[in-house]
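Trainee: Sharing a structure, written as C-alpha cells. Questions coming.
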Amino acid sequence: MEALGKWAFIIGLIIAAVAAFIPGYTGIILLILFILGLVIGFINIHEKNVMKFLVAIVTLLVLGVASINALDVLQIVNVYLKLILGNFIAFVSAAGLVVAIKAIVETSKSKG
C-alpha cells in the first residue's frame, strides 16, 4: 500500500509539470491530480508527520498563490510556470484536506 502512495506522489508531480504544456484538458487533469492527492493523504501521511505536512501545505498555499502573482515579470514563461504551480497546488492541497480532516477526527476523539 505504501508503494501505491509513493507512486501516486511521483505520478502526481509528473502530471502537474507535464500538464502545463497540454492545452484543453485542464478540468480532467485537475480532477486526476485531486484524486491522486486524496490517495496520498490517505496512504502516505502517517500520524507522526501530520503537523509537518500541514504546516508545509499551508506554507505552499500561501507562498504559491503569492508567487503566481509575482511571476508576471517573466511574461512568456509565466504562463507555464503558473500552470505548473497551480497544478501542484491542486495536487497537494487535496492531500492536505485529507490529512487535516484525519487530524480533526483524531483530536476530537475522547480519550478514556
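What follows draws every value from the coordinates through simple rules; no lab data is involved. These figures come from a predicted structure and were not determined experimentally. All Cβ positions, glycine included, derive from the backbone under ideal geometry; neighbour counts span all protein chains shown.
Trainee: Using alpha carbons only, how many degrees (0 to 90, rounded to 10) separate the axis of helix 50-70 from the longest principal axis of the chain?
Mentor: 20 degrees
Trainee: Next question. Who wins for biggest fluctuation among Ala56, Ala94, Ala70 in a Gaussian network model of the chain, springs between alpha carbons below 10 Å?
Mentor: Ala70
Trainee: Can you give the translational diffusion coefficient of the chain in µm²/s, computed by Stokes-Einstein from the Kirkwood radius over Cα pairs at 37 °C and 0.692 mPa s?
Mentor: On the way: Rh = 14.9 Å.
Calculated translational D: 221 µm²/s.
Trainee: Separate question: At 4 °C and 1.567 mPa s, what whole-number value in µm²/s does Stokes-Einstein give for the translational diffusion of segment 3-43, with Rh from the Kirkwood sum over Cα pairs? Don't skip to the answer; put the middle values down first.
Mentor: Numbers: Rh = 10.3 Å.
The estimated diffusion coefficient comes to 126 µm²/s.
Trainee: Going by how many other Cβ atoms sit within 10 Å of their own, how do Val39, Val50, Val58 line up, fewest first? Walk me through the intermediate numbers first.
Mentor: Working: Val39 20, Val50 16, Val58 13.
Placing the least packed residue first, the sequence is Val58, Val50, Val39.
Trainee: Quick one: helix 26-43 against the long Cα principal axis of the chain, what's the angle to the nearest 10°, folded into 0 to 90?
Mentor: On a 0 to 90 degree scale, this one is about 30.
Trainee: How much length is gained if the chain between Leu81 and Ile22 is pulled fully straight, taking 0.36 nm per residue apart and subtracting their Cα-Cα distance, in nm to one decimal? The partial results should precede the final answer.
Mentor: Details: separation 59, 0.36 × 59 = 21.24 nm, distance 1.32 nm.
Gain on stretching Leu81 to Ile22: 19.9 nm.
Trainee: In a Gaussian network model over the chain where Cα atoms closer than 10 Å are linked, find which of Ala20, Ala95, Ala66 has the largest mean-square fluctuation.
Mentor: Most flexible of the set in this elastic network: Ala66.
Trainee: Specify the angular offset, from 0 to 90 degrees and rounded to the nearest 10, of the alpha carbon long axis of helix 2-18 from the longest principal axis of the alpha carbons in the chain.
Mentor: It is inclined by approximately 20 degrees.
Trainee: Mind telling me which of Phe42, Phe53, Phe21 comes out most flexible in a GNM of the chain, alpha-carbon contacts under 10 Å?
Mentor: Highest fluctuation of the listed residues: Phe21.
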